[in-house]
């Protein structure tokens, strides 16, 4: 889907969609809980549905309802399973250590850019601790064997998702298992979010037919918080002069992208921002910076490993819109040139597509977004909400 957006200010109330990051974690804990869980989650997306489908393949019964999800936990773990992760890195990296801890012979299926996204050093650590991992095709990964209890060693500066996966897997081993994080822990707020969810599902010891020593105790009903990562687009729109007001956000949330609330006002001046903990915010912050006095983003290495190479795709987006940016190995510099309009290739990255749409509200010329359907990964109704707030767009025929 390619669309052409006419420059137009947005106006109205927008309710933040449920947090994708929190929903993944809540669904996984609920699937291994001691009793059914009701998960209040008003919207879903492709990534969340990938986690739901994988958990169902492992023996849970998760049904979509009018309020969210009804989750019947896993009673018997299958000997083997096929798990379709689609394009969701969270689904793959969270569930890979879990099936290893459970001893399931699991084949993971991947789509889009996911097969190219890294799994090292999680891969090597899982093999060191008892599993055998292999790629029979370019888009599948097979995990065999079972992880052993003990100390798991993982660098902190590659992906917090590896640490989350291990945190969710260790309850299926024993009380003596632990994680040793080597070096600086980047994206620490995501690990904090995982620990917060685990505390919500208090772990306790029971003899069960599920391999391992522990299960999660379900709080029976859980509400998924509003998503700061996706709300950031409309918060940025307000900062750029649109009369948009966002509701449904928890200001004491453990979500790391909550920091967008304090970063946006700072962009009235040229500032330096570390991207280490906020890789998902860089595309939209770069739009605001380009419309103000610019910004320098440091610690950008992991941006190259997202749904697109976000260093390259952010630069391409800004230049296509009439802006200017450059990068070296560790720094992305955005200049405060203003934006005029143009044609943006989304690079199949939902955050590039949504950032370009917000940019259109301050451009003087139309903005074309190629591959705009990629927003379905995290925010399927983004463009419907954009139109409801007064945005005008139409299908673009190449």
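The values are calculated or read from the model by the stated rules, or taken from the named source; none is laboratory data. Note that the structure is a prediction, hence the values are computed from the model and not measured. Using ideal geometry, Cβ is built from the backbone for each residue, glycine included, and neighbour counts are taken over all protein chains shown.
Identify all residues within the range 19-35 that are in contact with a helix residue (DSSP H, G or I) (Cβ under 8 Å, 6 or more places away or on another chain) and either more than 18 Å from residue 97 (Cβ to Cβ) or in a loop (DSSP other than H, G, I, E, B) (or both); write none if there are none.
First, the residues of the range 19-35 that are in contact with a helix residue (DSSP H, G or I) (Cβ under 8 Å, 6 or more places away or on another chain): 19-29, 31-32.
Across the range 19-35, the qualifying residues are 19, 20, 22, 23, 32.
Every residue, every condition in (1) in a loop (DSSP other than H, G, I, E, B); (2) in contact with a helix residue (DSSP H, G or I) (Cβ under 6 Å, 6 or more places away or on another chain); (3) touching a residue at least 12 places away in the same chain (Cβ under 8 Å); (4) within 21 Å of residue 143 (Cα to Cα), yes or no:
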residue: 54; (1), (2), (3), (4): no, yes, yes, yes
residue: 63; (1), (2), (3), (4): no, no, no, no
residue: 71; (1), (2), (3), (4): no, yes, yes, no
residue: 81; (1), (2), (3), (4): no, yes, yes, yes
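Tally up the residues in the range 139-173 that are out of contact with any helix residue (DSSP H, G or I) (no Cβ under 6 Å at 6 or more places or on another chain) and either more than 22 Å from residue 30 (Cβ to Cβ) or at pLDDT 95 or above (or both), please. Don't jump to the end; show me each part of the working.
Taking the range 139-173 first, the residues out of contact with any helix residue (DSSP H, G or I) (no Cβ under 6 Å at 6 or more places or on another chain) are 140-142, 144-146, 148-151, 153, 155-159, 170-171.
From what is left, the residues that are either more than 22 Å from residue 30 (Cβ to Cβ) or at pLDDT 95 or above (or both) are 140-142, 144-146, 148-151, 153, 155-159.
Selection size over the range 139-173: 16.
With respect to residue 114, is the statement that it is crowded, with 24+ Cβ neighbours inside 10 Å, under 23 Å from residue 57 (Cα atoms) and under 20 Å from the mean Cα position of the chain (by Cα) true? I'd like the intermediate steps shown before the answer.
Working: crowded, with 24+ Cβ neighbours inside 10 Å: no; under 23 Å from residue 57 (Cα atoms): yes; under 20 Å from the mean Cα position of the chain (by Cα): yes.
So residue 114 fails the test.
When residues of the range 94-108 are filtered for being within 22 Å of the chain's Cα centre (by Cα) and assigned to a helix (DSSP H, G or I), how many remain?
6
Pairs needed: first member in the range 386-398, over 25 Å from residue 232 (Cα atoms); second member anywhere, surrounded by 13 or more Cβ atoms within 10 Å (Cβ to Cβ) and at pLDDT 95 or above; C-beta distance under 6 Å; at least 6 residues apart or different chains.
These pairs meet every condition: 396/2; 396/3; 396/4; 396/368.
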